[in-house]
1. Determine which residues of segment A:152-188 fall in the zone a paramagnetic label at B:Asp77 would reach in this model, i.e. backbone nitrogen under 16 Å from the point 7 Å along Cα→Cβ.
2. Take peptides B:207-216, A:41-50 and line them up by average Cβ neighbours within 10 Å, highest first, as a rough protection proxy.
3. Can you run phi through the Karplus equation (6.51, -1.76, 1.60; θ = phi - 60°) for segment B:209-221 and list ³J(HN,Hα) in whole Hz, with x for Gly and Pro?
4. Would you please give the residues with an amide H less than 5 Å from that of B:Thr44, counting only those at least 5 places away or on a separate chain, with H modeled from the backbone geometry?
5. Let me confirm one metric for peptide A:173-179, namely the mean number of other chain beta-carbon atoms within 10 Å of its residues' beta-carbons.
6. Hey, any idea what % of segment A:81-185's accessible area is carbon plus sulfur with a 1.4 Å probe?
7. How many Cβ atoms of partner chains, on average, are near each residue of B:11-21 if near means within 10 Å of its Cβ?
8. If you take every DSSP beta bridge whose two residues both sit in the protein assembly as shown, what share of them, in percent to the nearest 5, is antiparallel?
Amino acid sequence: MEPVYIEPVERERKYQRLAELGTRLKIPVTQAFLTLRVLDRNGQVIHHTKQRSHSWTRNAYQMLTTGIGGMRNSGTFADGSLATRNTAGSVISNVYLANTGGVSSNFNVNSEAIGKAYRGPNGDNVSGIVIGTGDTPESFNDFALAAALAEGTGAGQVNYMAGEPVVKSWDAGTRTLSVEHKRYINNNSPGTITIKEIGLIANGSQGTSLRALMSRDVLGTPVDVPASGQILAIYTISLIYPS
Amino acid sequence: MIYLEPAKQERLYRELEGLGDYLKVPIPRCFLQLRVTDRAGKITHHARQRSHSWIRNAYNLIASYLLGINAVGSWGDGTGTPIKITSGSVVSGSTLAALCRATITASGYSEDPQDVGKAYIAASGDNNHGIVAGIGAGAESFDDYAMSSICAEGSGANQLHYVLEEQPVLSWDAGTRTLTITHKRYMNNNSSATITITEIGIIANGAVAGGSGRKFMTARDVLSPPVEIPPSGQILASYVLSLVYPS
C-alpha cells in the first residue's frame, strides 16, 4: 500500500519549482521526506503517510557550510558562527570539520555501518531516527527532541531497532540520488503511545564524538502507536544532480 | 566592480534562493570575483559573476555529508558517489569524502581545514591545490575533474606564480541572514608577456577512502570573456561561498 502524501499542494509546488531551478542552474538542492507507517499487533497497517521533512536544523547548515566551504567548526552556536551543538546541549567548537561519519583513527570510518552517521544501534535513542512525545514548535536551533521516548518496555517507552542498511536509488528521469534511512521502533509497553515528533541524529565527529540533531519534525497530526504495535520511520534524503 | 551575470539568469538564481529561504532548504551560493592589476597597481579588470559550475565531486561531497553515505561506487550517474582526483583516478572507499581529514588519530594527530596545505588553503607555488587559473578552452562539464590547461608555476611563458592562499574570511549579514566564506588567492604574472586566462577552478586537498592528501576539484569556471594579465601584473581570484540561514 502506498503512503498517503500529506504535503499541502501549494507548498509542494514550491518544492518542485525549487528542484527544477536547482537542476537548471546547477545548484545542489537537497530534498527530505518523512514516511511513517504504523502496524497494530495483528500486522495491519493503521497509518501510512509521507510528507516533506521541513526542518533541517542549524547543525545541518553548519555541516554543509563547513563541509563544502573548508572552514573550521569554530565559534558559537549562533548566527554568523559555525559551531555545532550536540544532543546534550553542549556546543562543540574547535578546529576540525564536523562530519556525520563518526570518530576513528585515520578517518577510516564506514558511514553506513551501525552506530555511524544515521544508523542508530539497537536500543539507542540518541542516534539515528528517534521519536518523541513533545510538541514544542520546530525551531532552527533545535538540538534535541523535546521529549524523546526512552528505550524500554515501560509506559511511554519503546524499543529502538538498529537502523536498517541504507538504500540508495537513482532516478534517471529527475536525476535524483536518494538515500533511505529506515528504523523500526516497537511499542512493547502496555499502552498506546502518541508520537508527536521525529528527529534524525547523526553519530559523527568533530574532533570528538558528536551526536548532532540534523532534522526535527513535529507532526501536524500526532500518530498513535498501539500497544504491541510498531512504527517504521523513513527519512528519504535526496540530492538533485544537474544534467 | 562590474557584475557580469545576465539579468534573466540572475532572476532565476534569486527565485531559487527565495524559495530555499521560504522552505528552509539550504541553497549554497557561489560567486567568482576577479581583479587584475597591472605593474603600476592600476586595476585593469574587476568583475563578479555567479560561479556556474559545481562539479560532480562537489555534489558527491554533499551527498556524503548530508545523506550519510560512503564515497563508494562508480563515477557517473547512479548511486555511486566517489571522488575523482585531479590525476583522473577515481577514489572509492567505505568512508565518506571530506575536505580535510577531520578526526584525531590514536597518536593525537589532527588536521585543521584552515591550515596551509589542507582543504582549500594552498601553499605558495602549488598549482594543484586551492584556486588555480588556466588557459584552456574546454567547455564546462559537470564531470570536470581537472583544469583544461592549467598555468604552471613559474615565470616562463603562460606561467604564473601562485601565492599562498589567503585565510578564508567569514562574514555574516544579519539583514539577509547570509553567512559568507571568501577564499582568495593572488597569482602573479612574472613572465615577459600577457597571459590570457580562460578558466578558473578550485581544488580541495581532502580525504576519502581512509586516506588524506586527495586533490579534487569542486568547481571550474570558464571565463567569458577571457581575462588578460599583463606582464608583472597580478590577478586576485576570489570564490565567495554563502548560505542563507532561516530565521
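1. Residues passing the 16 Å test: A:169-178.
2. Packing order, densest peptide first, comes out as B:207-216, A:41-50.
3. 6, x, x, 9, x, 8, 9, 9, 7, 10, 8, 9, 10
4. Long-range HN contacts for B:Thr44: B:Val36, B:Thr37, B:Asp38.
5. Rounded to a whole number, the mean comes out at 3.
6. Carbon and sulfur atoms account for 48 percent of the accessible area of segment A:81-185.
7. For peptide B:11-21, the averaged partner shielding equals 4.
8. Roughly 95 percent of the beta bridges in the protein assembly as shown run antiparallel, per DSSP.
The values are calculated or read from the model by the stated rules, or taken from the named source; none is laboratory data. Computed from a predicted model, the values in this text were never measured in an experiment. Neighbour counts run over all protein chains shown; Cβ positions are idealised from the backbone, glycine included. The protein model used for the area step is the full one, side chains on, heavy atoms only, and it has no ligands, DNA or RNA in it. Shrake-Rupley method; radii C 1.70, N 1.55, O 1.52, S 1.80 Å.
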